1. Which of the residues belonging to the range 70-83 are within 10 Å of residue 20 (Cβ to Cβ) and open to solvent by 90 Å² or more (accessible area, probe 1.4 Å)?
2. Looking only at the range 41-48, decide whether some residue is out of contact with any Ser or Thr (no Cβ under 7 Å at 6 or more places or on another chain), farther than 15 Å from residue 12 by Cβ and modelled with pLDDT under 95.
3. Do you know which of the residues in the range 1-25 that are farther than 18 Å from residue 68 by Cα and under 16 Å from the mean Cα position of the chain (by Cα) is least open to solvent (accessible area, probe 1.4 Å)?
4. Please work out which residue is farthest from residue 74 (Cα to Cα), limiting yourself to the range 1-53 and to residues that are charged (D, E, K, R) and in a loop (DSSP other than H, G, I, E, B).
5. Working only within the range 28-40, note down all residues that are over 18 Å from residue 71 (Cα atoms) and open to solvent by 20 Å² or more (accessible area, probe 1.4 Å).
Amino acid sequence: MSNDIYCYYVYAYLRPDGTPYYIGKGCNNRAYKKHRHISIPKDRIKIVFLETNLSNVGACALERRYIEWYGRKDLGTGILRNMTDGGEGVEGHIHSQKTKDRIRDSRKDQSPPNKGKTTSSEHRNKLS
């Protein structure tokens, strides 16, 4: 991350017809890096910078505004493949409380994989 507080920007990935399918916020070369669930356009002309020279707060606010404007496919409100409303300021998907509870509950009965097991002296020597 850059020390320049105005290094942030808001960008869009465009379909062949010119409509956006993803809106993102970034700094430095984030627009060109791999995303978890979104494919990056092979043709760099399809990566458009909507706003530049922004602070993190400004970029988050504009990202939210653009996502709200175009709407999200997963919610049935629009054309974007974004999985969140934007503006989180962190990478990755933010889990709902229901999902967090389900993950926690699924792990309650699991014990650490080596609990109760002993290693041979030969194995301990190899590890050291």
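1. Once the filter is applied, which keeps residues that are within 10 Å of residue 20 (Cβ to Cβ) and open to solvent by 90 Å² or more (accessible area, probe 1.4 Å), the range 70-83 yields only 81.
2. Of all residues in the range 41-48, those out of contact with any Ser or Thr (no Cβ under 7 Å at 6 or more places or on another chain) come to 41-48.
Still in the running and farther than 15 Å from residue 12 by Cβ: 42.
So of that shortlist, the ones also modelled with pLDDT under 95 come out as 42.
Within the range 41-48, one or more residues are out of contact with any Ser or Thr (no Cβ under 7 Å at 6 or more places or on another chain), farther than 15 Å from residue 12 by Cβ and modelled with pLDDT under 95.
3. The first filter runs over the range 1-25 and keeps only residues farther than 18 Å from residue 68 by Cα, leaving 1-8, 15-18.
From what's left, under 16 Å from the mean Cα position of the chain (by Cα): 1, 8.
On the way: 1: 182, 8: 26 Å².
So the residue we want is 8.
4. Of everything passing the filter in the range 1-53, 4 is farthest from residue 74 (Cα to Cα).
5. Pass one, the range 28-40, residues over 18 Å from residue 71 (Cα atoms): 28-36, 39-40.
Residues satisfying the conditions are 28, 29, 30, 32, 33, 34, 36, 39, 40.
The values are calculated or read from the model by the stated rules, or taken from the named source; none is laboratory data. No experiment lies behind these values; they were computed from the predicted model shown. So basically every Cβ, Gly included, is an ideal-geometry build from the backbone, and we count neighbours across all protein chains shown. In case anyone asks, the SASA skips ligands and DNA or RNA and just uses the protein heavy atoms, side chains included. Shrake-Rupley method; radii C 1.70, N 1.55, O 1.52, S 1.80 Å.
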